[in-house]
Amino acid sequence: MVAAPRELLDAVHSLPASSLVEEPGLVVAATYLQRVLIDGDPSRFSHDIRTDELATSPGTPLVQRLILLTGQIATAVGAGDTERALTVVEAARAELASATPEDEAHMRPTLPHLRLQWARAMDVSDRMGAADEYERAYELAQLTDQSHVARRAAAHLAWLQTSQGHLEVGESWIGRAGALESNPRYDAPLYLARALLCIDRNEFESAAVEFARLSVLPVGEYWAASLWVSSMRVRSAVEAVPLHAELARQLDRHSEAEREAPANRRYLRAARLRLSLFRPSIHRASPPDPSTSLDHLVIATEALHRGAYRTSTVHGAEAVDRSHTPRGLASALLVRAAALSSLKQTSHAVDVGLQAQALIDSGRLYSPYRLLPAGSIERLADQMPAEVGARLLTLAYGQRAPEIGSLTSRQTEILRALTDDRPLAEVAASLYISVNTLKSALKKIYGILGVNSRQQAADLARRSGLR
């Protein structure tokens with residue numbers, strides 16, 4: 001935590017030149033403080049390249065070499081050069097492995113800061129081992145009474161675990177982070193984790209509270225993650241409109257290297273997928289050359305919504321095979337089950353659907369249901385064992401979209417009548433009104449809901465549990 005960056009920078013500048021020669025890591029500290037003072041965003045850190053030679057010099061003390069290497073890591077991450085960052089992380093970890101017990105004792109107060117940056121580099125690169133590195137940084141920070149660093153590590157870890165769908169583990173890290181000293185500059189991942197946890201469990205009002213708290217904090221390097229979580233809140237085309245504009249604004253604001261950093265690319269693709277479900281003609285998210293689990297999930301989901309069920313099953317199977325997280329696997333299984341159900345491969349659909357439901361229930365991870373069109377949810381639920389099907393529908397529809405709550409009781413009654421396949425004349429007769437009166441009422445209802453057709457209105461009603 002930087003409580004007084006100006007005073008600290010002045011203190012570094014007041015040191016004699018010999019101090020900078022003896023401890024070149026002070027140059028890294030000065031550069032970091034300067035960045036904080038300029039724009040408050042330490043994620044855009046840039047190290048002094050004149051220190052690069054010292055970072056690998058045997059004559060430089062080990063702790064100073066690690067500090068200088070970590071400066072290179074932070075610079076590479078800020079520039080979106082994740083391959084370079086990972087290369088230097090491996091070099092730094094190799095240097096640390098050579099430390100003597102005396103070295104380790106001397107470095108103990110510094111290591112939590114360094115390992116936190118190494119973990120972050122691995123995290124943004126989607127590299128295995130980031131969670132272990134965050135946890136080590138947390139433990140070292142606790143051992144050295146650096147609660148602010150421990151909170152940062154716990155917050156990062158809370159986000160990482162929650163974003164992967166390990167909700168109970170994520171919730172435990174949310175609790176650990178929340179029990180420690182706060183610094184708003186670094187709290188974005190904690191509030192994002194809290195918001196996502198609420199969304200995953202259909203607690204939309206609580207998610208709104210967390211977003212209100214997040215709105216006054218700098219999201220910094222979590223800009224793409226924030227877009228994804230924002231997209232997960234969207235439950236209607238009307239709610240999606242401002243997010244389309246924000247997505248475009250953020251893409252313009254960040255460099256291609258930042259957009260293409262593996263974790264950011266994944267968050268952005270997931271956000272585009274969510275938005276494409278509301279405006280498919282504008283925001284198709286399917287990648288031309290799928291290579292990851294998420295790529296195949298995106299193709300499978302959009303194909304399911306288009307009615308291309310065979311394409312959906314093929315890519316759904318690929319997504320299942322490549323998934324390594326509960327979120328990815330539950331989503332892939334559910335989409336594949338829905339596609340198989342639509343192809344009338346009932347036995348296979350039920351088997352895959354039960355696998356998905358077991359995974360969803362084990363973590364109370366309900367958001368994958370929102371990948372499915374309403375018709376697919378109901379078809380799959382009808383084919384499942386009665387108790388499982390009823391639970392699936394209850395969890396899938398969650399709470400009502402906010403626009404439905406703004407309808408009058410008569411408008412709600414009319415909307416409910418649209419959820420079956422009766423002709424408008426029969427619907428009008430059941431409501432004791434003329435067809436023309438019904439059409440006029442529907443025009444107003446469509447405007448409130450932000451939809452353009454009876455099918456879209458009926459789908460929104462079903463997704464909100466209005467039946």
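For the range 123-172, which residues satisfy the criterion of being under 22 Å from Tyr267 (Cα atoms) and of a type in the set (Asp, Glu)?
Our first condition is that a residue be under 22 Å from Tyr267 (Cα atoms); within the range 123-172, this holds for 123-134, 152-171.
Correct list: Asp123, Asp126, Asp132, Glu133, Glu168, Glu171.
Looking at Arg233, Arg322, Arg266, can you tell me which residue is over 30 Å from Ala458 (Cβ atoms), under 14 Å from the mean Cα position of the chain (by Cα) and surrounded by fewer than 21 Cβ atoms within 10 Å (Cβ to Cβ)? Can you show your working first?
Working: Arg233 fails: over 30 Å from Ala458 (Cβ atoms); Arg322 fails: under 14 Å from the mean Cα position of the chain (by Cα).
Of the residues listed, the single one that is over 30 Å from Ala458 (Cβ atoms), under 14 Å from the mean Cα position of the chain (by Cα) and surrounded by fewer than 21 Cβ atoms within 10 Å (Cβ to Cβ) is Arg266.
Of all residues in the range 146-167, how many are within 16 Å of the chain's Cα centre (by Cα) and not hydrophobic (A, V, I, L, M, F, W, C)?
Initially, the range 146-167 is screened for residues within 16 Å of the chain's Cα centre (by Cα), giving 155-167.
Within this subset, residues satisfying the condition of being not hydrophobic (A, V, I, L, M, F, W, C) are 156, 161-166.
So the count comes out to 7.
Let's see how each residue does on (1) surrounded by fewer than 17 Cβ atoms within 10 Å (Cβ to Cβ); (2) within 28 Å of Ala261 (Cα to Cα):
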| site | (1), (2) |
| --- | --- |
| Ala94 | yes, yes |
| Ser98 | yes, no |
| Glu104 | yes, no |
| Trp118 | no, yes |
| Glu133 | no, yes |
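If a residue must be modelled with pLDDT of 90 or more and among the charged types (D, E, K, R), how many such residues does the range 367-401 contain?
Total satisfying the criteria: 3.
Which numbered condition in (1) modelled with pLDDT of 90 or more; (2) exposed (fewer than 15 other Cβ atoms within 10 Å of the Cβ) is the only one that Leu37 fails?
Looking at each condition in turn, Leu37 falls short on (1).
With respect to the numbered conditions (1) over 18 Å from Ala457 (Cβ atoms); (2) in contact (Cβ under 8 Å) with a residue 60 or more places away in the chain, which one is the sole condition not fulfilled by Gln357?
(2)
Just the residues that are within 20 Å of Tyr191 (Cα to Cα) and surrounded by 19 or more Cβ atoms within 10 Å (Cβ to Cβ), please, taken from the range 138-153. So that I can check it myself, show each step before the final result.
The initial filter retains those residues of the range 138-153 that are within 20 Å of Tyr191 (Cα to Cα), namely 138, 147-153.
Selection gives Tyr138, Val149, Ala150, Arg151, Arg152, Ala153.
Please enumerate the residues belonging to the range 58-93 that are touching a Phe, Trp or Tyr at 6+ places or on another chain (Cβ under 8 Å) and not in a helix (DSSP H, G or I).
Matches in the range 58-93: none.
Of all helices (runs of 4 or more DSSP H) completely enclosed by the range 105-176, which ones contain at least 3 residues that are closer than 30 Å to Ala332 by Cα and polar (S, T, N, Q)? Spell out the reasoning first.
Numbers: elements: 111-124, 130-143, 147-164.
Qualifying helices (runs of 4 or more DSSP H): 147-164.
Identify all residues within the range 121-131 that are surrounded by 17 or more Cβ atoms within 10 Å (Cβ to Cβ), touching a residue at least 40 places away in the same chain (Cβ under 8 Å) and either farther than 13 Å from Ala158 by Cα or among the aromatic types (Phe, Trp, Tyr) (or both); write none if there are none.
Start the filter on the range 121-131 by keeping residues that are surrounded by 17 or more Cβ atoms within 10 Å (Cβ to Cβ), which leaves 121-125, 127, 130-131.
Pick out the ones that are also touching a residue at least 40 places away in the same chain (Cβ under 8 Å) and you get 121, 123-125, 127.
Passing the criteria: Ala121, Val124, Ser125, Arg127.
Pairs please, first residue from the range 312-327 and closer than 14 Å to Ser163 by Cα, second anywhere and modelled with pLDDT under 95 and not in a helix (DSSP H, G or I), Cβ atoms under 6 Å, 6+ apart in sequence or on different chains.
Close Cβ pairs (under 6 Å, with a partner that is modelled with pLDDT under 95 and not in a helix (DSSP H, G or I)) do not exist here.
I need the helices (runs of 4 or more DSSP H) fully contained in the range 252-325, keeping only those with at least 1 residues that are more than 22 Å from Asp126 (Cα to Cα). Steps first, please.
Numbers: elements: 256-260, 262-276, 293-306, 309-322.
The qualifying helices (runs of 4 or more DSSP H) are 262-276, 293-306, 309-322.
Failed condition for Arg364, given (1) buried (at least 17 other Cβ atoms within 10 Å of the Cβ); (2) modelled with pLDDT under 95; (3) among the basic types (Lys, Arg); (4) in contact with a helix residue (DSSP H, G or I) (Cβ under 7 Å, 6 or more places away or on another chain), with all others met?
(1)
Can you tell me how many residues in the range 313-344 are of a type in the set (S, T, N, Q) and closer than 14 Å to Pro373 by Cα?
3
Looking at Arg185, Arg213, Arg201, which is the one that is at pLDDT below 95 and buried (at least 18 other Cβ atoms within 10 Å of the Cβ)?
Values: Arg185 fails: buried (at least 18 other Cβ atoms within 10 Å of the Cβ); Arg213 fails: buried (at least 18 other Cβ atoms within 10 Å of the Cβ).
One residue alone meets the criteria, Arg201.
Could you say whether any residue in the range 129-138 is more than 20 Å from the chain's Cα centre (by Cα) and of a type in the set (Lys, Arg)?
yes
The values are calculated or read from the model by the stated rules, or taken from the named source; none is laboratory data. Just so it is clear, the structure is predicted and the values come from calculations on it, not from any experiment. In this analysis, Cβ positions are derived from the backbone assuming ideal geometry, glycine residues included, and neighbour counts consider all displayed protein chains.
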